[in-house]
Each structure stands twice: as structure tokens, then as C-alpha cells.
1. State whether one or more residues within the stretch 16-27 are more than 24 Å from ALA103 (Cα to Cα), in contact with a Ser or Thr (Cβ under 9 Å, 6 or more places away or on another chain), at pLDDT 90 or above and not hydrophobic (A, V, I, L, M, F, W, C).
2. Does THR33 qualify as being at pLDDT 95 or above and assigned to a strand (DSSP E or B)?
3. Among the residues of the stretch 14-30, which ones are in contact (Cβ under 8 Å) with a residue 60 or more places away in the chain and either exposed (fewer than 14 other Cβ atoms within 10 Å of the Cβ) or in a helix (DSSP H, G or I) (or both)?
Amino acid sequence: MPVTIRQLEWASGFLEGEGCFRRYNNRTGYEVTARQNDGEVLDKLQNLFGGHRSTIDTRSNKLSKRPTIECWSVTGPKARGVMMTLFSLMSRHRKDQIKRALA
């Protein structure tokens, strides 16, 4: 089933506040990530864009109030596609972050 504009608007709003868009290591090392206490919203991102889910152990961080945090990420060309798809829906700050990642 194709992704709807409403779903893209939801994803852009969520990633505006909770996401990170970056490039690492080499030319194809793109990554979009989000971390959250509530795994349900990350499931929605995974259903929309694919990617991977993981749990990060935060017990060694004395400032953390929770023992774990949920993480979603998509990498490589697929992450580049997510960035390009959501670009027009993002704030100036996030657009700048995406431009730096894609440059």
C-alpha cells in the first residue's frame, strides 16, 4: 500500500522533534534515526520507511531515568530517500541538516 501524504506529514512532524539526519564515513553512509521511550511510534516509522529497531541499554548513564531507550534507524540509499522525501515538509533547521548530510 502506498504511503499517504498524511503519513508523510506525521513522520516529518515526529522527526522534526525527535529525528537526526546525518552522513557518516563515506559517500553512501546516510542515516536517519529517532530515539524514543515509546516503541509504538518507532514501529510506525519502520512500517513507513523500513529500517531497523533496537534497544539501547542506558543503565550506565546515571542521568537516565529509564533502563533502556528504543531506537529506529534507516541507513544507506534508503535513508537518503527518506531525507529527500521529507525535505519539503521540514523546518529550515532540519532542511539545513539534511542539506549537510546530502552534500
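1. No, the conditions are met nowhere in the stretch 16-27.
2. yes
3. LEU15, GLU16
The values are calculated or read from the model by the stated rules, or taken from the named source; none is laboratory data. In this text, all values refer to a predicted model and were calculated from it rather than measured experimentally. Cβ atoms come from the backbone with ideal geometry, glycine included; neighbour counts cover every protein chain shown.
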